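Q: Handing you a structure now.
The values are calculated or read from the model by the stated rules, or taken from the named source; none is laboratory data. Computed from a predicted structure; not experimentally measured. Here the Cβ positions follow ideal geometry from the backbone for every residue, glycine too, while neighbour counts run over all protein chains shown.
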Number of protein chains: 2
Amino acid sequence: MAVTIKDVAKAAGVSVASVSRALNGRDNVTDETRHRILDAASKLRYRPNDAARSLITRRTRTIGAVLPDLHGEFFSELIRGIDVAARAQGLHLLVSSSHGDADEATAAIRSMQGRVDGLLVMSPHVDASFLHESLPEALPAVLMNAPPEPSRFPTLNLDNHGGAFAMTRHLLARGCRRIAMIGGPAGNLDADERRRGWLDALAAASLARDALLLDGDFSEESGHAAGLRIAALARRPDAVFAANDMMAVGCLIALAEHGVHVPGEIALAGFDDVPIARYVTPQLTTVRVRIADLGRAAFNRLVAELEAPGTLPVRSEVLPCEIVVRASSGTT
Amino acid sequence: MAVTIKDVAKAAGVSVASVSRALNGRDNVTDETRHRILDAASKLRYRPNDAARSLITRRTRTIGAVLPDLHGEFFSELIRGIDVAARAQGLHLLVSSSHGDADEATAAIRSMQGRVDGLLVMSPHVDASFLHESLPEALPAVLMNAPPEPSRFPTLNLDNHGGAFAMTRHLLARGCRRIAMIGGPAGNLDADERRRGWLDALAAASLARDALLLDGDFSEESGHAAGLRIAALARRPDAVFAANDMMAVGCLIALAEHGVHVPGEIALAGFDDVPIARYVTPQLTTVRVRIADLGRAAFNRLVAELEAPGTLPVRSEVLPCEIVVRASSGTT
DNA sequence: CCGCATAATGTAAACGTTTACATCCACTCG
DNA sequence: CGAGTGGATGTAAACGTTTACATTATGCGG
C-alpha cells in the first residue's frame, strides 16, 4: 500500500539498512549512495512510518500536556507558549483537558502513556499528590502550579504569594487600610497562595486582624456576588483585591451598579492580567503573570530531562510576577 | 523492561493471541479465561504498546488539528470544542499551530502524517488550494473556514456573509444610512465574506455607492487607527461595522479619545462575540459565532468519515451566526 | 462409538523500522 | 605480496501487537 523503506531500498538498489542510515544522517554512508537514496525517497514520496519507528526506538517525539481546562485566555496562552517551544524542537504536542478532578486527570495521563515521551501536567488541586501514583515511573514529567513539596517531579509555579504580597503592599502604599480579598475556589493552590500573600502583607502592616475575606471561585459571577455584598456593607473596605481578574471584573460591575465609585471609594485589583483587564472602565490594576513563559519554561525543563534523563536535580522553580498599576487603583 | 502482552500471557497461562482477544473484547474467549487474563493484566499493570498496535492496525486513535494560530479567545474556544468531542470518542488530539503561511501549514501536515487518523484543518488563507496537494490522498480531513469550492474535502464555514448581512440590516433598521466597515486582512476568507455581506446589504438598500471601507487586519491597533481616521472625517459615518470585535474595540477607544459618542453619534458593531465585547463601555453589539460548535461539528464530520470512509458525500456546510444587540448600537 | 461441526485456544506471520553483527572490499604496511 | 585494517554495505533479529490459520477439545447426531 503505502511506500515503505523497502521500496526505497529497491529503487535505490541498496539494502534497507543503508536507506535507514542515509535518512537518519549517519556518517557511514557514501555521499554517492546517500544521494541516490535521497533521490529515490523523494521520488517515491516516502514517509517513514512513525509507529514502526517509535516501536523500536521507544521514542514518539511527542510530548503531552494535561490541563484542567482549556477555557479562557489563560490556557490559550499557556498552550501557545508550549506549542512554540515544541515546534522549535520539532516535537509534537498532544493535549488533553477538561479534567474536573484528579480521577479524570489520571485517566488522561494513563491514556497518554506510550504516546508521549514526556508530560506537562497542570494540576492546581491540592489533591495533586494523587497524581504521583498514577504517573508511570519511567515517564518524565514536569508539574505546573502544583504543590512543590513531596514531588519526584520538577515543578514550576507562579509566584502567587509574592505577587499578592506586592499588590497588597501597593494598595497599602496608596493609603488603603481596609483591604478585603475575594478568594478563589477551595483547594486551589494558586488561590491559597494568593490569599496567603495578601494576609502576610496585612500582617506585616499589623492590619491582619481586620482582614475581610469573601468567598469566590474564580468566576465572574462569584466576583459579582462578592461585589454586591461589599456594596451592602455598613462599613466598606477601601480596597478590594480579587484573587483573579474575572472576579475583579464581576466585582467592578456590581459596584458600578450600586454607584460605588472605583477607585474613588474603593480601589480594586485583580490577578492574571487577562486582556479584559485593560478594557474595563476603569482599567484594572492587576498582577501580570507571563503565562506563555510558564509554558515555555516547563517545556524546556522537560526537554532537558528527556535529553539527559535522571541527571538533573528535581527542583521546584518559581516564576516571578509583576504588578501592573492602572486606573482602578489610581489616584482619583 | 516494560510489561508486554507476553508477560500477561505467561502469567495467565495462555497464549498472546488469547490475551489480545480478551483485552479487545472479542467474543470467542471463555468467560473464565478472560477473567484470568484481565486479572493478570491489571495485576501486572499492563498497558498495551500503542506504537506496536498502530503499526499493525494502521490506526492511531488520534486526530490532528492544524490551525493558523493559537492565540486568543477564538482558538481557545475552537480547541476546546474539538477536545471535548474528541475525548467523548476516546480519541487523542494532536495540535499544531503558528502557521503564518501555507508553506508552514504544509510542513505541519506532513509531519503529522502517520501520527493521526484524520485531520482538522483551518486555513483562512485564500491560497488554501495549495493545501490540497500536500494533503495525502488517503488521509481523511475536514476543512474549516476554507473556500468551499473545489475541494476533495468536506468543509465547514461560518456564515460570515449571512452574519454580516444581518448586522448591516440591523444597523439600517436602526436608522443608520452611512455605514462604514473596517475590513479584515487581505486574502482572508472570513474577512472577504464579511465585507461582501455588508456590501450586499447596503446594495439592497441602494446605499452601496456611498460605502466607506477602511483598512484593517483584525488587530486592535488597526481598529484604533481606523477609528482615528473616522474621527477626523469631515462627514462621518453614522455607523461603523468592524470585521471583528478586537478592531471594534480599538475603534471604540479611538472614538472615545476624540470625544465621539457611541452610539449617540456613531453606532458600532463587531463580529465574533469575544468575551471582551461584553466588558467594554458601551457593550458591543456583535455577531455571535458558536466557535466551539464549529470545532465540534468539524470533528464529528471527521469521525463520520473515519467510520465509513468514502461513503459520505463531500459537501460544504455553513454554520449560522446570530446577531447580538448591545448598547453600542443602542437607542441613545 | 465414530465422524463432524463448533468453539476455544495456540502458532506464527506480518506490520515498517533500527541496529548489532557479518560480510565484503580496497587499502596500507611490513 | 599477504595479513591486517577500516569503512561501506548487507543480513537478519528485534520491537509488541493483531489476526489468519492451524490445532485441539467438546458435544452431538447417526
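Q: Restricting attention to region A:190-211, does a residue exist that is surrounded by fewer than 21 Cβ atoms within 10 Å (Cβ to Cβ), more than 23 Å from the chain's Cα centre (by Cα) and closer than 26 Å to A:Val280 by Cα?
A: No.
Q: Please determine, by comparing only the residues of region A:86-120 that are facing another protein chain (nearest Cβ under 7 Å) and at pLDDT below 85, which one is nearest to A:Gly187 (Cα to Cα).
A: Among residues in region A:86-120 that are facing another protein chain (nearest Cβ under 7 Å) and at pLDDT below 85, the one nearest to A:Gly187 (Cα to Cα) is A:Ser98.
Q: What is the residue count in region A:66-85 for residues that are facing another protein chain (nearest Cβ under 9 Å) and either among the basic types (Lys, Arg) or closer than 24 Å to B:Asp50 by Cβ (or both)?
A: Number satisfying all stated conditions: 4.
Q: Which ones in region B:43-91 are of a type in the set (Ser, Thr, Tyr) and in contact with a helix residue (DSSP H, G or I) (Cβ under 7 Å, 6 or more places away or on another chain)?
A: B:Tyr46, B:Ser54, B:Thr60, B:Ser76
Q: Next up: So which residues in region B:277-314 are farther than 22 Å from B:Phe153 by Cβ, hydroxyl-bearing (Ser, Thr, Tyr) and assigned to a loop (DSSP other than H, G, I, E, B)?
A: Matches in region B:277-314: B:Tyr279, B:Thr281.
Q: Also: Just checking, how many residues over region B:79-124 are under 23 Å from A:Ala88 (Cβ atoms) and touching a Gly at 6+ places or on another chain (Cβ under 6 Å)?
A: Going through region B:79-124 one residue at a time, the tally reaches 4.
Q: Moving to a separate point now. Could you tell me whether B:Val84 is surrounded by fewer than 16 Cβ atoms within 10 Å (Cβ to Cβ) and among the β-branched types (Val, Ile, Thr)?
A: no
Q: Test B:Val260 against the stated conditions and say whether it is in contact with an Asp or Glu (Cβ under 9 Å, 6 or more places away or on another chain) and in the same structural domain as B:Glu193 (by TED's automatic domain parsing).
A: Criteria not met by B:Val260.
Q: Go over the candidates B:Leu212, B:Leu207, B:Leu172, B:Leu135 one by one and state the one that is within 14 Å of another protein chain (Cβ to nearest Cβ) and either aliphatic (A, V, I, L, M) or touching a residue at least 40 places away in the same chain (Cβ under 8 Å) (or both).
A: When all the criteria are applied, what remains is B:Leu135.
Residues checked against (1) in a loop (DSSP other than H, G, I, E, B); (2) touching a Phe, Trp or Tyr at 6+ places or on another chain (Cβ under 9 Å); (3) within 13 Å of DNA strand D (Cβ to nearest atom):
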position: B:Asp7; (1), (2), (3): no, yes, yes
position: B:Ala17; (1), (2), (3): no, no, yes
position: B:Asn28; (1), (2), (3): yes, no, yes
position: B:Ser42; (1), (2), (3): no, no, no
position: B:Arg53; (1), (2), (3): no, no, yes
position: B:Ser76; (1), (2), (3): no, yes, no
position: B:Ile82; (1), (2), (3): no, yes, no
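Q: Still on this structure: In region A:315-332, which residues are of a type in the set (D, E, K, R) and outside any strand (DSSP E or B)?
A: Matches in region A:315-332: A:Arg315, A:Arg326.
Q: For residues that are within 13 Å of B:Phe241 (Cβ to Cβ) and either in a loop (DSSP other than H, G, I, E, B) or among the aromatic types (Phe, Trp, Tyr) (or both), scanning just region B:252-276, find the one that is farthest from the other protein chains (Cβ to nearest Cβ).
A: B:Ile266
Q: Being among the hydroxyl-bearing types (Ser, Thr, Tyr), surrounded by fewer than 23 Cβ atoms within 10 Å (Cβ to Cβ) and in contact (Cβ under 8 Å) with a residue 12 or more places away in the chain: is that true of B:Ser151 here?
A: Yes.
Q: Taking region B:41-56 as the region of interest, how many residues are within 12 Å of DNA strand C (Cβ to nearest atom) and either over 41 Å from the mean Cα position of the chain (by Cα) or not charged (D, E, K, R) (or both)?
A: Summing the residues that are within 12 Å of DNA strand C (Cβ to nearest atom) and either over 41 Å from the mean Cα position of the chain (by Cα) or not charged (D, E, K, R) (or both) in region B:41-56 gives 6.
Q: Could you count how many residues in region B:19-54 are at the interface with chain A (Cβ under 8 Å from one of its Cβ atoms), hydrophobic (A, V, I, L, M, F, W, C) and surrounded by fewer than 18 Cβ atoms within 10 Å (Cβ to Cβ)?
A: Within region B:19-54, residues that are at the interface with chain A (Cβ under 8 Å from one of its Cβ atoms), hydrophobic (A, V, I, L, M, F, W, C) and surrounded by fewer than 18 Cβ atoms within 10 Å (Cβ to Cβ) number 1.
Q: What number goes with the only condition from (1) crowded, with 19+ Cβ neighbours inside 10 Å; (2) within 14 Å of chain B (Cβ to nearest Cβ); (3) modelled with pLDDT of 95 or more that A:Ala327 does not pass?
A: The one condition A:Ala327 does not meet is (1).
Q: Can you pull out every residue in region B:1-33 that is at pLDDT below 90, near DNA strand C (Cβ under 10 Å from one of its atoms) and more than 40 Å from the chain's Cα centre (by Cα)?
A: B:Asp27, B:Asn28, B:Val29, B:Thr30, B:Asp31, B:Glu32, B:Thr33
Q: Ok, one more. Could we say that B:His224 is part of a loop (DSSP other than H, G, I, E, B), surrounded by fewer than 24 Cβ atoms within 10 Å (Cβ to Cβ) and not acidic (Asp, Glu) here?
A: Criteria not met by B:His224.
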